[in-house]
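Here the structure comes first, spelled out in structure tokens, and everything after it is commentary.
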Amino acid sequence: MISAARPLSASCRLQLVSPSVQRCAARSFTTARAGHAAGRRAAQTMGAAVAAGGVAWAVYATTLPESLGSIACDQSSGETASSPSFTSRISSLFSGSSSPKPPAPVAATPNAPIRDQMSTYIKDLQQRIVGALEEVDGQKFKQDVWTRKEGGEGISCVLQGGNVIEKAGVGVSIVHGKLPPAGIKQMRANHKDIPWDPASQDHLPFTAAGISLIIHPHNPFAPTVHANYRYFELYAADAIQGVSPPIASWFGGGSDLTPSYLIEEDAVHFHRTVKAACDAHDKSFYPRFKKWADKYFFISHRGEARGIGGVFFDDLSAGEAGKSTEELFAFVKDAGDSFVQSYVPLLAARKDTPFTEEQKRWQQLRRGRYVEFNLVHDRGTRFGLLTPGARIESILMSLPTTARWEYMNEMGANAATEEGKLVEVLRNPREWA
């Protein structure tokens, strides 16, 4: 039985250094009863007010950079023996005054090329996400620093067999080299204006910088999550590295939630947080990218989605929604910064929920679907395997350590069961924010 905890209270106290953000947040943190339209609007704009000021939400009051002040929330909710209430769990996260503080976000060098700014940003985001996850799990990630002989470097942070997390990977890769014809053909499917003659069989220079993460918790009631943010530049065949401008460049990414059991308030929290980051830059982004995620994270041979979605976007280049490359980069940063607040409170709230062997079995079956999507449909996996000198360990870091396949399994076939309720949403995506 999954308990239905009350929605998050919108009665929060927020202190920030920036007066403009403070005024904006004050207007959005309007107390309203859950279920009233005004309360819903306040909850949806709450994150946007903070994101608009360039401030990333922190999971804990004690881990928010001191220069940005603190967030404290007054939460109240019901609680059952089978599933501790979401809001009481969240309140407990704000009590650890002795928790170590991660470094404040690192600012990129002003006027540096976007590729360099992106590289600085994703390295910093990686450390902030890892720090937040370590706080919940209690174990440290293994950090694997690697170099690519064809050009580039990366940092893979991996936690396996943790207290809360079965497997998590937060990887950064900053690579450059020559893209072979097979990779160029794949890209031209979405970038037909790339100047390249297939008959020439030329290899084109490229630079790519991205962060990708996946978290598979032990507990079946704690959802799996994925996020990825990346930037790509492609150059003419005769380009001089570090000097020649790109002939094409674009951003891609998004984040999506994959629960084994549908807890609606978790879905709402995740989507509203992501929506707030999108709305701060363009009101059309969330509905458009949410629909894109529903379409992209679909396992066609199963006729169902991988999870309950989130947002997904690709090939965002200058001119998109009338925005410059710099403005799109600002959006990508706010989207990345929203990850911790969108997911880590869910992990902390669900990590100790009691579960049965049958519920664990269902989680393993759902993980089998996750593997199927990643190996059959995922564009990032396919691109990585086509790239010369690809680091297979990093490309396949997203796969869980355990999964299950059973012949003609009937779990989830009954719509009246908790498993069946999830399957219904996977087959018919819903609006959550």
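The values are calculated or read from the model by the stated rules, or taken from the named source; none is laboratory data. Predicted model, so just to flag it, every value in this text is computed and none were measured. Cβ: placed from backbone, ideal geometry, glycine included. Neighbour counts: every protein chain shown. Protein only, heavy atoms only, side chains kept; ligands, DNA and RNA dropped before computing areas. Shrake-Rupley method; radii C 1.70, N 1.55, O 1.52, S 1.80 Å.
Matching residues to (1) open to solvent by less than 20 Å² (accessible area, probe 1.4 Å); (2) within 30 Å of ASP282 (Cβ to Cβ):
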position: GLY322; (1), (2): no, yes
position: LEU328; (1), (2): yes, yes
position: GLN341; (1), (2): no, yes
position: ALA348; (1), (2): yes, no
position: ASP352; (1), (2): no, no
position: GLU357; (1), (2): no, no
position: TRP362; (1), (2): yes, no
position: ARG369; (1), (2): no, no
position: GLU372; (1), (2): no, no
>> Considering only residues that are part of a loop (DSSP other than H, G, I, E, B) and either at pLDDT below 95 or open to solvent by 40 Å² or more (accessible area, probe 1.4 Å) (or both), which ones fall in the range 413-433?
In response: ALA413, ASN414, ALA415, ALA416, THR417, ASN428, PRO429, ARG430, GLU431
> Do we have any residue at all in the range 353-361 that's in a helix (DSSP H, G or I), touching a residue at least 40 places away in the same chain (Cβ under 8 Å), in contact with a Lys or Arg (Cβ under 6 Å, 6 or more places away or on another chain) and more than 19 Å from GLY252 (Cα to Cα)?
Replying inline: no
> Restricting the search to the range 384-398, which residues are touching a residue at least 24 places away in the same chain (Cβ under 8 Å) and surrounded by fewer than 18 Cβ atoms within 10 Å (Cβ to Cβ)?
Replying inline: LEU386, PRO388, GLY389, GLU393
> Taking the range 164-191 as the region of interest, how many residues are part of a loop (DSSP other than H, G, I, E, B) and without any contact (Cβ under 8 Å) to a residue 40 or more places away in the chain?
Replying inline: 1
> Would a scan of the range 371-378 turn up a residue that is without any contact (Cβ under 8 Å) to a residue 60 or more places away in the chain, within 17 Å of THR224 (Cβ to Cβ) and among the aliphatic types (A, V, I, L, M)?
Replying inline: yes
> For SER173, are the conditions met, namely being of a type outside the set (D, E, K, R), buried (at least 18 other Cβ atoms within 10 Å of the Cβ), farther than 22 Å from SER338 by Cβ and within 21 Å of the chain's Cα centre (by Cα)?
Replying inline: no
> Can you name the condition, by its number, that TYR231 falls short on among (1) under 30 Å from GLN143 (Cα atoms); (2) open to solvent by 60 Å² or more (accessible area, probe 1.4 Å)?
Replying inline: (2)
